[in-house]
1. Kindly indicate whether any position in region 56-63 is under 17 Å from the mean Cα position of the chain (by Cα) and either within 18 Å of residue 101 (Cβ to Cβ) or surrounded by fewer than 14 Cβ atoms within 10 Å (Cβ to Cβ) (or both).
2. Identify the residue in region 109-133 that is farther than 24 Å from residue 50 by Cβ and in a strand (DSSP E or B) and, among all such residues, is farthest from the chain's Cα centre (by Cα).
3. Checking residue 101 against (1) surrounded by fewer than 18 Cβ atoms within 10 Å (Cβ to Cβ); (2) more than 21 Å from residue 118 (Cβ to Cβ); (3) in contact (Cβ under 8 Å) with a residue 24 or more places away in the chain; (4) touching a strand residue (DSSP E or B) at 6+ places or on another chain (Cβ under 6 Å), only one condition comes out false. Which one?
4. Looking at (1) assigned to a strand (DSSP E or B); (2) over 19 Å from residue 42 (Cβ atoms), find the lone condition where residue 91 falls short.
5. Residue check: is residue 78 part of a loop (DSSP other than H, G, I, E, B) and either out of contact with any helix residue (DSSP H, G or I) (no Cβ under 8 Å at 6 or more places or on another chain) or at pLDDT below 90 (or both)?
6. Of the numbered conditions (1) at pLDDT 85 or above; (2) in a loop (DSSP other than H, G, I, E, B); (3) under 17 Å from residue 102 (Cα atoms), residue 50 satisfies every one except a single condition; which is it?
7. Quick one: residue 34 ticks every box in (1) surrounded by 15 or more Cβ atoms within 10 Å (Cβ to Cβ); (2) more than 16 Å from the chain's Cα centre (by Cα) bar one, so which box is it?
8. Just checking, how many residues over region 107-128 are closer than 17 Å to residue 65 by Cα and surrounded by 13 or more Cβ atoms within 10 Å (Cβ to Cβ)?
């Protein structure tokens, strides 16, 4: 049997194609610990199917926001952006998918009316939010 010289290349492309897609499901409940300069907070983050996010523990109340899978020029990566808008400021959480859940890779905020989101420093960087269930 004769093999065409392009067959190995075609097989390689087919094998790599599934790894480029964003098939993970981010919906679920995640728990993590944020260590801030004023103490640590146990945070519960719920990502609902309708792209609504709920957060408990960082503030004295339940905070409602939105989430979406990370997109770069039409190409999806295995990450999630979660944002919460308050009357005077906005918070954005950039999270990356891990086997156990999501890692908070960047936490940024800004005062409303300002154009630049600034990264907030955590005492313990890149905390893991473990998926429940």
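The values are calculated or read from the model by the stated rules, or taken from the named source; none is laboratory data. Just so it is clear, the structure is predicted and the values come from calculations on it, not from any experiment. Don't worry about glycine lacking a Cβ; one is built from the backbone with ideal geometry, like all the others, and counts go over all protein chains shown.
1. yes
2. By that ranking, first place goes to 111.
3. Here residue 101 meets the rest and fails (1).
4. Of (1) assigned to a strand (DSSP E or B); (2) over 19 Å from residue 42 (Cβ atoms), only one is false for residue 91: (2).
5. no
6. Evaluating residue 50 over (1) at pLDDT 85 or above; (2) in a loop (DSSP other than H, G, I, E, B); (3) under 17 Å from residue 102 (Cα atoms) leaves (3) as the failure.
7. Just one mismatch for residue 34, condition (2).
8. Matching residues across region 107-128 total 5.
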